[in-house]
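Working notes, structure below.
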Amino acid sequence: MAQPRVIIVGAGPAGVRCAEAFVAAGVRPTVIDEGRRDGGQIYRRQPVNFSRSYTTLYGTEAGRAQALHACFDQLREQIDYLPQTLVWNISEGNVHLMHQDGTPRAASLPYDILVLCTGATDRLMPMPGWEYAGTYSLGAAQIALKSQAVAVGRNIVFLGSGPLLYLVASQYIKAGAQVAAVLDTSPLVLQWRALPKLLSRPWLLFKGMALLKAIRRAGVPVLRGITPLQITGDPDNGVQGVRYRSAQGVEKSLDCDTVAMGYHLRAETQLADLARCEFSFDTASQQWLPQVDAHGRSSVAGVYLAGDGVRIRGADAAENAGRLAALAALADHGNAVVPAQVAQLCRQQLPMERFRLGLLQAFPWPAAQAASLPDHAVVCRCEGITAGELRAVVNLKGAREANRAKAFSRVGMGRCQGRYCGHAGAEVIAAAVVCPVVEVGRLRTQAPVKPLAFKIVEEPQ
């Protein structure tokens with residue numbers, strides 16, 4: 001029997017373990033990675049000329065990071081690895097690529113099996129002033145520290161909610177950066193109420209508590225239940241401070257030159273959309289997510305999904321999901337798999353899903369902030385669209401659905417293709433219409449999923 005043509009998109013925890021399972025079955029997959037090196041965002045490798053230790057880079061996750069990197073290194077001769085390569089479209093059984101190392105080169109690859117391990121990006125909530133220079137996502141701040149060994153500012157406020165907020169703040173403190181404060185929109189009472197779910201993975205809960213303790217031990221204020229009001233500054237000088245309302249209702253301000261912000265993560269689902277996978281609304285996270293079964297099968301034959309691009313459960317859950325997707329694909333193409341191994345991986349995912357729900361309960365998406373944005377606040381930074389302009393297309397032109405509002409206002413048409421404004425924009429529309437956000441729908445993905453170079457070289461087929 002001829003080997004199936006297998007393409008894996010992504011070389012993070014899910015992609016690496018997926019490739020490992022295919023190789024173990026005697027199948028040579030092609031692994032396409034937008035990054036320069038494997039590891040994904042969470043286990044992003046440092047440049048080859050850097051020599052920081054695993055403990056310095058990854059803290060308590062050093063062992064898992066080292067194991068994943070070692071696994072990939074062992075696979076290199078048994079896979080076709082394409083780093084610095086963007087998958088910008090999927091159509092008619094082909095992935096369309098742009099090699100970005102040196103002169104951009106376009107190519108297309110056919111597949112029999114496609115496994116999307118696309119990971120996640122920051123989920124952001126706009127606020128007045130977030131368009132000023134000096135405002136970063138938590139992920140961008142973390143990349144700067146891991147890949148370039150630099151801090152994004154001299155005096156930094158970390159703002160938002162969720163585990164990544166505390167993780168990145170602690171990493172900056174450990175690196176010697178000046179952190180002014182950690183401002184969390186989630187009140188402490190919600191975190192107490194989520195404890196029964198969070199205790200499904202007690203060691204992770206204790207790791208989070210240790211991060212919080214380290215932040216406080218460094219003398220950094222941790223303020224919970226706050227309401228962000230404004231990033232102060234101006235277009236010429238950038239960020240100069242943050243205004244917020246305390247949990248007690250008192251308006252306060254902090255001086256800083258940088259704000260790193262984020263509210264959990266959002267799944268990178270654009271390629272699943274282009275592959276024509278069906279989506280459903282996940283009430284817990286208030287996001288539209290691709291439909292999959294417990295093994296990673298999508299609604300489209302031959303297309304499988306794994307990792308944070310489907311459900312954000314953490315790196316170890318992503319590793320399991322990558323293995324499960326590979327085993328499902330192998331079984332669907334007539335290869336023998338061990339049922340006990342599949343059953344064990346599925347069982348391991350159950351507490352990880354419960355923990356995910358606990359995190360979402362403890363650190364909820366602050367939808368009310370979008371509803372209360374002043375009209376002058378920029379929602380879409382790429383196109384400069386304000387909340388007032390978005391409300392105008394709802395109230396004056398009847399744009400009650402996300403894509404119709406996009407057509408009238410250009411929200412989500414810019415460089416990020418709605419990654420950073422899409423969720424908040426939908427909340428603004430829902431508040432203006434006075435309807436649940438699920439009724440607003442989701443922005444449809446258009447190719448290319450990211451900007452492409454004009455001057456390219458077409459590779460021969």
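The values are calculated or read from the model by the stated rules, or taken from the named source; none is laboratory data. Just so it is clear, the model here is predicted, and its values are computed rather than measured. Counting neighbours? That spans all protein chains shown, and the Cβs are built from the backbone with ideal geometry, glycine included. With ligands, DNA and RNA removed, areas are computed over all heavy atoms of the protein, side chains included. Shrake-Rupley method; radii C 1.70, N 1.55, O 1.52, S 1.80 Å.
How many residues are under 14 Å from residue 394 (Cβ atoms) and either part of a loop (DSSP other than H, G, I, E, B) or at pLDDT below 90 (or both) if we restrict to region 407-423? Residues that pass the stated criteria total 1.
A quick yes/no check of all residues on (1) small (Gly, Ala, Ser); (2) outside any loop (DSSP other than H, G, I, E, B); (3) at pLDDT below 95:
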{"position": "8", "(1), (2), (3)": "no, yes, no"}
{"position": "15", "(1), (2), (3)": "yes, yes, no"}
{"position": "40", "(1), (2), (3)": "yes, no, yes"}
{"position": "46", "(1), (2), (3)": "no, no, yes"}
{"position": "49", "(1), (2), (3)": "no, no, yes"}
{"position": "52", "(1), (2), (3)": "no, no, yes"}
{"position": "55", "(1), (2), (3)": "no, yes, yes"}
{"position": "61", "(1), (2), (3)": "no, yes, yes"}
{"position": "81", "(1), (2), (3)": "no, yes, no"}
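Note on region 259-281: residues that are open to solvent by less than 20 Å² (accessible area, probe 1.4 Å) and either on the phi > 0 side of the Ramachandran plot or touching an Asp or Glu at 6+ places or on another chain (Cβ under 9 Å) (or both) amount to 5. Residues that are open to solvent by 50 Å² or more (accessible area, probe 1.4 Å) and either assigned to a helix (DSSP H, G or I) or without any contact (Cβ under 8 Å) to a residue 24 or more places away in the chain (or both) were ranked within region 212-236; the one that is nearest to residue 153 (Cα to Cα) is 236.
When the residues of region 92-122 are filtered to those that are touching a Ser or Thr at 6+ places or on another chain (Cβ under 9 Å) and more than 16 Å from residue 32 (Cα to Cα), the one that is surrounded by the fewest Cβ atoms within 10 Å (Cβ to Cβ) is 121.
Screening residue 293 against (1) assigned to a loop (DSSP other than H, G, I, E, B); (2) free of Cβ contacts under 8 Å to residues at least 60 places away in the same chain; (3) surrounded by 17 or more Cβ atoms within 10 Å (Cβ to Cβ) leaves a single unmet condition, (3).
Name the strands (runs of 3 or more DSSP E) wholly inside region 83-195 in which the number of residues that are in contact with a Pro (Cβ under 7 Å, 6 or more places away or on another chain) and at pLDDT 95 or above is 1 or more. So the answer is 85-91, 94-99, 113-116, 156-161, 179-184. Residue pairs whose Cβ atoms lie under 6 Å apart, separated by 6 or more positions or on different chains, with the first residue in region 11-31 and within 12 Å of residue 78 (Cα to Cα) and the second part of a loop (DSSP other than H, G, I, E, B), are 19/29; 19/79; 22/29; 25/335; 27/3; 29/79; 31/11; 31/79. Kindly indicate whether any position in region 418-437 is touching a Lys or Arg at 6+ places or on another chain (Cβ under 7 Å) and over 30 Å from residue 190 (Cα atoms). The answer is no; no qualifying residue exists. Determine whether residue 39 is within 27 Å of residue 5 (Cβ to Cβ) and in the same structural domain as residue 318 (by TED's automatic domain parsing). So residue 39 fits the description; yes.
Each row is one residue, and each column tells you yes or no for (1) assigned by TED's automatic domain parsing to the domain that holds residue 301; (2) without any contact (Cβ under 8 Å) to a residue 12 or more places away in the chain; (3) of a type in the set (Asp, Glu).
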| residue | (1), (2), (3) |
| --- | --- |
| 85 | yes, no, no |
| 95 | yes, no, no |
| 100 | yes, no, no |
| 112 | yes, no, yes |
| 133 | no, no, no |
| 136 | no, no, no |
| 139 | no, no, no |
| 142 | no, no, no |
| 157 | no, no, no |
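For the residues 326, 317, 331, 306, the requirement of being in the same structural domain as residue 13 (by TED's automatic domain parsing), surrounded by fewer than 24 Cβ atoms within 10 Å (Cβ to Cβ) and not aromatic (Phe, Trp, Tyr) singles out 331. Selection of first residues in region 353-380 that are within 22 Å of residue 132 (Cα to Cα) and of second residues that are modelled with pLDDT of 95 or more and among the acidic types (Asp, Glu), restricted to Cβ pairs under 7 Å at least 6 apart or on distinct chains, gives the following pairs, ordered by first then second residue: 370/427; 371/427; 378/131. Does residue 149 satisfy being open to solvent by 10 Å² or more (accessible area, probe 1.4 Å) and farther than 17 Å from residue 226 by Cβ? Criteria met by residue 149. Every test in (1) touching a Ser or Thr at 6+ places or on another chain (Cβ under 9 Å); (2) under 30 Å from residue 193 (Cα atoms); (3) free of Cβ contacts under 8 Å to residues at least 60 places away in the same chain is passed by residue 426 save one, and that test is (1).
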